[in-house]
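Please treat every number below as a calculation from the coordinates, not as lab data. Everything quoted here is computed from the prediction, not taken from an experiment. Neighbour counts run over all protein chains shown; Cβ positions are idealised from the backbone, glycine included.
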Amino acid sequence: MNNKLKEVYSPKNFQKVGYELVDLLTNYLQNSQNQETSVQTWKTPEEQLGFWKNYELNSESPIQLFEKVLENSMRLHHPHYIGHQVAVPAPLSALTGLMGELLNNGMAIYEMGPAASAIEKIVVDFMCQKAGFGEKGSGILTSGGSLANLTALLTARKVKAKNDVWEEGHQGQIGVMVSEEAHYCIDRAVRVMGLGTEGIIKVPADDNYKIRTDLLEVSYQKAKKEGIEIIALVGSAPSTSTGIYDDLDTLGDFAQTKNIWFHIDGAHGGAAICSEKYKHLLKGIEKADSITIDAHKMMMTPALTTFLLFRNGKNSYATFHQKAQYLWTEADAEEWFNYGKRTFECTKLMMSLRFYVLLQTYGESIFEELVNQLYNAGRIFADKIKAHPNMELAVEPDTNIVCFRYKLEGFSEEKLNKINLKIRQEILEKNEFYIVQTNLRGTHYLRTTFMNPFTTPEMMDKLIDKVVGIGKNMIAM
Ligand SMILES: *Cc1c(COP(=O)(O)O)cnc(C)c1O
């Protein structure tokens, strides 16, 4: 045997690098939590590309390479990370991910992931029970909220459309109703399904960025008149830009009266079902036919780990109904343990482990604690913004997502947009905080998502000072 291959698979090498890597990551965690490093080290895309093009590992150990990766990556474990909605992964969940990657069980069929397949049923059933889906509830884990939403809409089409599009292709125009504030992946999913621009019926949102339920009927009737067969209604829980939940209860009732599929995109905030304090935001969830929940957002697992739950689990077997003889002998049998029958993926990561380890080790209350901590942080920050004379909230937050801007009387909207754009760019390049931005109806806002449970109110004050300081400088220029 080739010596190089022996080296690649050497248990001794694995152990050596493994220990070194764990030491390196332990330092990373400590330094980040104690704010001894910056939240990131900004480079432009071209600088970053140049760095890696010129990079050469001049050592037997890859640890130097790992150090450089760390140096050039966003540090989510730093409490000044208040940017996008990606989980600050629980270290234990990440370690479990390492195990999954080394074992690399393929998951499409039971034999290629016996433990992870059984565990997937347990964690999915746990979440179905939390959602109040009853006996018939079941579902799958899949690679991201975007794919989960597409999968749910494919199921909706299979179950609700008059003709069998899966077998016969489209014969008439089919449509999906959704808020204009929904995540872009819904629009994309509808187009991927071949429904085109006509297939996405955008319902306007109100001043608080919630879908206007008073316009559901008119939107529906207008589409119908145009010959569009509506198969589904999608609610956001919450919508991504503003973090505002749609009125799911009313959406659920509407979907029921029209006999259309009701899907909840709870990629970010579906996890609130675990919180006594915040689950009221999901009122009506039990009326949903399906719901997407990203564990890699509000449930502390590394990406990607997404639940797609069905109120009637039978429906999920219809989605990709197809013969794949080499994988399973009975294509028609509803075998919970052969997950490939119900997922878009064939090979899939052993993602169930990352969630199960948290449930087993810390108990389900840990998810409630996290949701409460982070949603509370959003409220605290919003109150600080409101109390400041030169700050303005875009909307009262429902969640840990807060949109706000620097504002001075006497400045045009155009000027304020420019100032806020520059504030965010300067914050990004200064490496002290990481926040993002969004444009809402032409107004440029700074956007924060409190994902790190160690972000304190004092740090929020510091961020506000920073924003105001940069804003003032800009005005002086
Ligand atoms: C994040 C998000 C998505 C996309 O999920 P991914 O896991 O990033 O694919 C979809 N919808 C909403 C509401 C989201 O917040």
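Overview of values
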quantity: Flagged links, alpha-carbon separation over 24 Å, of 277/466; 68/297; 160/314; calculated: 277/466; 68/297
quantity: Net length gained if the chain between residue 221 and residue 26 were fully extended (0.36 nm per residue, minus Cα distance); calculated: 64.4 nm
quantity: Too-long pairs where the Cα-Cα distance tops 20 Å, listed order kept, from 210/418; 386/472; 202/222; 210/283; 222/258; 202/225; calculated: 210/418
quantity: Nearest-0.05 FRET efficiency for residue 337 and residue 41, computed from C-beta distance (R0 51 Å); calculated: 0.65
quantity: Sum of side-chain charges, residue 10 neighbourhood, beta-carbon under 11 Å (Lys, Arg +1; Asp, Glu -1); calculated: +3
quantity: For segment 183-199 versus segment 359-417, the gap between their alpha-carbon centres in whole angstrom; calculated: 30 Å
quantity: Segment 179-246 shape via C-alpha gyration tensor axes, a/c threshold 1.5; calculated: oblate
quantity: Among 421, 308, 338 the positive-end extreme of the charge dipole of the chain (Cβ point charges); calculated: 421
quantity: Extension gain from residue 415 to residue 122, taking 0.36 nm per residue of separation minus the Cα-Cα distance; calculated: 100.1 nm
quantity: Summed residue charge, Cβ within 12 Å of residue 299's Cβ, Lys/Arg positive, Asp/Glu negative; calculated: -1
quantity: Residue 61-residue 99 FRET efficiency (beta carbon distance; Förster radius 22 Å; 0.05 resolution); calculated: 0.50
quantity: Relative contact order (percent, whole number), the chain, Cα cutoff 8 Å, 6+ residue spacing; calculated: 21 percent
quantity: Packing rank of 254-264, 305-315, 437-447, where each peptide gets the mean count of other beta carbons within 10 Å, highest leading; calculated: 305-315, 254-264, 437-447
quantity: Proximal charge balance of residue 373 [Cβ under 12 Å; K/R count +1, D/E count -1]; calculated: 0
quantity: Three-way shape call for the chain based on the alpha-carbon gyration tensor, with the a/c threshold at 1.5; calculated: oblate
